[in-house]
Amino acid sequence: MSVRIGAAAVCGFVAALALGGVAQADCKVGRIAELPVTMRDMQPMVPVKINGVPVQMVVDSGAFFSSLSPSIASEQNLPKFPMPYGMTVTGVGGETAPYLTHVKVFTLANVDLKNREFIVMAGSGGADSVGLLGANVLGIADVEYDFAHGAVRLMEAHDCGRYALVYWEPGKAYSTVEIEGTNVGYNTHTIGSAYVNGARIHVQFDTGAGTSMMTRAAAKRAGINLDDPAVKPGGASWGIGRRMIRTWIVPVASIKIGDEEIRNTKIRVGDFDLMESDMLLGADFFQSHRVYVANSQHKLYFTYNGGPVFNLDAHTLEQDARSGTIKESEVAAPDGPDPTDAAGFGRRGAALASRREYVKAIADFDRACAMDPKEPSYFYQRGMAHWQNKQPFLAMSDFDAALKLKPGDIDTLVARAELKLQGNDKDSAAQDLDAAAAAVPNQADVRLRLAQLYDAADRLAAAIGQYDLWIPSHSDEALLSEGLNDRCWARTLLGRDLDQALKDCDRALRLRPKTAGFLDSRGLVHLRLGEFDKAVADYDAALAISPKMAWSLYGRGLAKQHLGQQAEGQKDIDAAVALQADLPKKAKGYGIVAPATVAAK
């Protein structure tokens, strides 16, 4: 991948640091507020308070209005008010029906805002956040996105129609994109034009999208053939709405955004439609650029920070550096002066970690921990960076230190439990999961993750209990199908409530038909129920999609033997054992065995 930036001239702003803004002749730019942003994976998180309770929200320039998750609304017992008749919200995953609520005191940037209105809808939250901070806040004036330095700044420009607003690096090349006019409450999205392989497309600058992604229709216009051998599967993606979408990773010769051209790169294409645009430029783009959205001028300015523009997989510049492809010194670091306090180092470290530049991230977290050794979040974040950098013992030490400072921290308990499971320490992991499960509200989004980790720890009854709490509170989300399938699987392994397990699997498959893992789970239900023909049919369908699923091969082999097809069944069982040698022992532990006549032989 190569990035070429046009040599646009920079108007001569002089930074007025004492005033928190810039000035040039009659043009004045002032800072209304600065929001501290911490990157969690590829989600920009900002601290807020809901009626005095500290929580985090995702900075989402693609959300037309700020929203809260149903779980936090339920926990806070927030009132419900109807939306205008028939109004729905459309996202990548389809439509969802929201409702309105009021928060008595919403605290943002240490300012208490009274009786603020929010939309409540599925898909707004997650394990780390309770909602989306949308355009009704971000679009009130100009806004600067400086994720590399851990900040979003609401800006106000006066008499600057003739000037470029790239105030942070006078003399550095920058790029400009004309954007459509925005209007809070109506046209709130930041949309401009770009070119993919020379084809003009409309792009939406969306910080809430973790990765940039182009629609399938736009890819076709750009001459991209998804059947090309160079195209690779990109996995599933989801957002607002129930539907998961299929994605592909495709090579492109050129992407031109303003004066910046990215050559010989790859982008993600999704099987979805956007009402106003053809492509989302997500948090990965904002991580690799500093962006000023000048709503006052209908322009967007950005400078390139360095590093990969699109976050497609685990391949990073820093990994190249370790393998000798490039030098460590060539791994890009954010421009500008070092932070002056622990919080600044922590935010910059989180930004580097989200770009998988773990060595530099750990160095920043070291500074943060040294400057403020009583703040548990810095130890937690450093632990996560050590873990991703394949340093599990250092990660465990950091998680232990964080929990000594804050014993009930949910994020750290869950992370430590998962790390212990990687070391096969299931008993100790279960203790951490028990502590986390006892500390969170019943409707909490994190319960899905707790359930899955209990499952991995072979605590299936505890896993089912977590699914029972999570599923009713998340009935309108794309991840619902995953939760239903997982509960089906746990019930079936235990041989418990098989009729209910079958209903879970059927419902999961209605939401996501032809999903190999879901067919595999239902095949096991039919096997447990003695419905061997149906079991074989489900396993056949699963293996047609994913031929190397050990459980499907093993289950089909057992079902065939129950049907008297001994040789064919043994062939499937042998193929399963070749893939997973301990599978017969594991299955036997759950009472899943060959027919007695076969076992006797």
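Observations on the structure shown:
- Note on the range 419-447: among residues that are among the hydrophobic types (A, V, I, L, M, F, W, C) and not in a helix (DSSP H, G or I), the one that is nearest to Leu78 (Cα to Cα) is Ala444.
- In the range 150-170, the residues that are under 17 Å from Gly344 (Cβ atoms) and out of contact with any helix residue (DSSP H, G or I) (no Cβ under 6 Å at 6 or more places or on another chain): Ala151, Val152, Arg153, Trp168
- Exactly one residue out of Asp497, Asp574 is under 29 Å from Trp470 (Cα atoms) and among the acidic types (Asp, Glu): that is Asp497.
- The residues of the range 564-576 that are closer than 20 Å to Leu519 by Cα and among the aliphatic types (A, V, I, L, M), listed by number, are Ile573, Ala575, Ala576.
- Some residue of the range 177-186 being over 25 Å from the mean Cα position of the chain (by Cα), at pLDDT 85 or above and assigned to a strand (DSSP E or B): yes
- The residues of the range 253-282 that are within 20 Å of Ser175 (Cα to Cα), of a type in the set (Val, Ile, Thr) and either surrounded by fewer than 20 Cβ atoms within 10 Å (Cβ to Cβ) or at pLDDT 90 or above (or both), listed by number, are Ile255, Ile257, Thr265.
- From the options Ala73, Ala109, Ala122, residue that is within 20 Å of Met45 (Cα to Cα) and at pLDDT below 85: Ala122
- Qualifying residue in the range 220-227 (condition: under 14 Å from Glu276 (Cα atoms), modelled with pLDDT of 90 or more and either outside any loop (DSSP other than H, G, I, E, B) or of a type in the set (A, V, I, L, M) (or both)): no
- When Ile140 is tested against the conditions (1) in contact with a strand residue (DSSP E or B) (Cβ under 8 Å, 6 or more places away or on another chain); (2) under 29 Å from Glu276 (Cα atoms); (3) modelled with pLDDT under 80, the lone failure is (3).
- A count restricted to the range 350-390 and to residues that are assigned to a helix (DSSP H, G or I) and farther than 21 Å from Ile410 by Cβ stands at 13.
- Among the residues of the range 41-67, those that are closer than 14 Å to Gly208 by Cβ and of a type outside the set (A, V, I, L, M, F, W, C) comprise Asp41, Gln43, Pro44, Gln56, Asp60, Ser61, Gly62, Ser66, Ser67.
- Qualifying residues in the range 231-252 (those that are under 15 Å from the mean Cα position of the chain (by Cα) and not in a loop (DSSP other than H, G, I, E, B)) - the one modelled with the highest pLDDT: Thr247
- Scan of the range 448-505 for residues that are under 22 Å from Ala435 (Cβ atoms), of a type outside the set (Lys, Arg) and either in a loop (DSSP other than H, G, I, E, B) or touching a Cys at 6+ places or on another chain (Cβ under 8 Å) (or both), ordered by number: Ala457, Asp458
- Odd one out for Pro547, checked against (1) more than 21 Å from Ala456 (Cα to Cα); (2) in contact (Cβ under 8 Å) with a residue 24 or more places away in the chain; (3) exposed (fewer than 13 other Cβ atoms within 10 Å of the Cβ); (4) not acidic (Asp, Glu): (2)
- Per the conditions (1) within 22 Å of the chain's Cα centre (by Cα); (2) more than 25 Å from Thr340 (Cα to Cα), the sole criterion not satisfied by Gln391 is (1).
- Here the range 506-533 is the region considered, the condition is being under 30 Å from the mean Cα position of the chain (by Cα) and part of a loop (DSSP other than H, G, I, E, B), and the residue that is surrounded by the most Cβ atoms within 10 Å (Cβ to Cβ) is Thr515.
- Candidate set from the range 127-148 (those that are under 20 Å from the mean Cα position of the chain (by Cα) and either surrounded by fewer than 19 Cβ atoms within 10 Å (Cβ to Cβ) or among the hydroxyl-bearing types (Ser, Thr, Tyr) (or both)); member that is farthest from Val48 (Cα to Cα): Tyr145
- Extreme residue, modelled with the highest pLDDT, among residues of the range 335-376 that are farther than 23 Å from Ser397 by Cβ and either crowded, with 21+ Cβ neighbours inside 10 Å or charged (D, E, K, R) (or both): Asp341
- Test: residue in the range 557-574 that is under 36 Å from the mean Cα position of the chain (by Cα) and not acidic (Asp, Glu): no
- Residue, modelled with the lowest pLDDT, within the range 542-601, restricted to residues that are of a type in the set (S, T, N, Q) and either more than 20 Å from Asp455 (Cβ to Cβ) or not in a helix (DSSP H, G or I) (or both): Thr597
- Residue match in the range 588-598 (condition: surrounded by fewer than 16 Cβ atoms within 10 Å (Cβ to Cβ), under 26 Å from Arg487 (Cα atoms) and free of Cβ contacts under 8 Å to residues at least 24 places away in the same chain): yes
- Any hit, the range 117-131, residues being under 20 Å from Glu75 (Cβ atoms) and either among the basic types (Lys, Arg) or without any contact (Cβ under 8 Å) to a residue 40 or more places away in the chain (or both): yes
The values are calculated or read from the model by the stated rules, or taken from the named source; none is laboratory data. Remember, predicted model here, so these are calculated numbers, not experimental data. So basically every Cβ, Gly included, is an ideal-geometry build from the backbone, and we count neighbours across all protein chains shown.
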